Every structure is written in structure tokens, then in C-alpha cells.
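Chemist: Got a structure for you, questions after.
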Amino acid sequence: MNVYKKAKRKSALLFVCGGLAIAVCLALIGFIAYILVLRTDYKETCLEINDMIVASPSDRNFVVRDGETYPLSEEALNWYDQIFLDRKAVVMNRKEAEPDKNSIVLLISDCTLTLTGQDDGTAFAMCWETPDGVKHYQVRSTNYTFTSMNSYLKSYLKRFSTQSE
């Protein structure tokens, strides 16, 4: 009878461990599927932004900073566009971030792209507003940080103000 109880315990332990292993595998498959859907959606959005940038007439592109609206040159817009086409950009999640005073707001035709710094400027939150809806992403890139985007904008606005004087 003692042997019977040992076999029963082993069977129960094997059953529990097997169930746990299957649950972990299913969770991992679900997580991988979520990441693939997130990355695919982000890349589609980036291509949509790229298409909008290419199709938008240069006189309908603006940048908003400190409540002021400035024209945005094709050169500057293309610089920001290459950030979204960067292969080293990794989307982390779809969390919404509240824009702050350092946020970069690009007006591209009828659409608005808002970039807000995250994690001390090493990552950025992106909000893409179109007439069809709003999409939010948080992104990290080894090639472009929010700090570098912000520095580029400051230099652009400084050049713009000296040219217009």
C-alpha cells in the first residue's frame, strides 16, 4: 500500500508540473503573439507617417513649440521621418503619455504627430492623430533618443529665427 501512495504522489506531481509547463508555454506564446502584433502595428503606423510626409505639401507642415507655430522645412521633416524608418527602433507598449512643455508637435497636413520624452530622454512616446483615429506608442532606439530629437529641433528653430530676422 505504501508503494501505491508513492506512485500516486509521483503521478500527481507529474500532472501538476506538466500543467504548469503547458501554462508557461501558452503564456509565452501569447506574449510573443502580442509583441508581433504590436511591432507590426507600429511599423504600419510608421509607414503611414512616411506616406503622409511624402504626400504633404511643404506649405502644410508645421512644428509647434512653446505655443508658437513655425513652418517645418522638408529637410527637418525628413530628419524626423528617418527616425520612424529606423530598424533599431523598438516599440515597448501602447501607453499614452501626457505631452509636456518639451514635447515636439509636428503638424503634417491634417495629422498631428506628438513626441514626448520618456525615461530621462532615452525613449519617447509617440502619438499619431489622424482623422481616422489616434495611436499611441512608447519607443526606444539606439540611434535616436528624445534628447537628440529635441536638440535637433532647438537648432532648427534657432536657424529659422536667424533666417527670418
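Chemist: In vacuum, with every alpha carbon of segment 67-136 counted as one equal point scatterer, what does the Debye formula give for log10 I(q)/I(0) at q = 0.17, 0.24, 0.26 Å⁻¹? Two decimals, please.
Modeler: Rounded to two decimals, the profile gives -0.69, -1.38, -1.51.
Chemist: Still on this model: Compute the helix-to-body angle for 74-84: its Cα long axis versus the longest principal axis of the chain, expressed 0 to 90° and rounded to tens.
Modeler: Around 0 degrees separate the two axes.
Chemist: Going out from 0 in 10 Å bins, what whole percent of all Cα-Cα distances in segment 7-101 drops into each bin?
Modeler: Going out from 0 Å in 10 Å bins, segment 7-101 shows 12, 26, 25, 13, 10, 8, 5, 2 percent.
Chemist: Binning at 10 Å from 0, report for the chain what percent of all alpha-carbon pair distances ends up in each bin.
Modeler: 9, 32, 26, 10, 7, 7, 5, 3, 1, 0
Chemist: Something else: Ignoring any ligand, DNA or RNA, what whole percent of the accessible area of the chain comes from carbon and sulfur when the probe is 1.4 angstrom?
Modeler: 59 percent
The values are calculated or read from the model by the stated rules, or taken from the named source; none is laboratory data. For clarity, every value in this text was computed on a predicted model and none was experimentally measured. We work out accessible area using only protein heavy atoms, side chains counted, and drop any ligands, DNA or RNA first. Shrake-Rupley method; radii C 1.70, N 1.55, O 1.52, S 1.80 Å.
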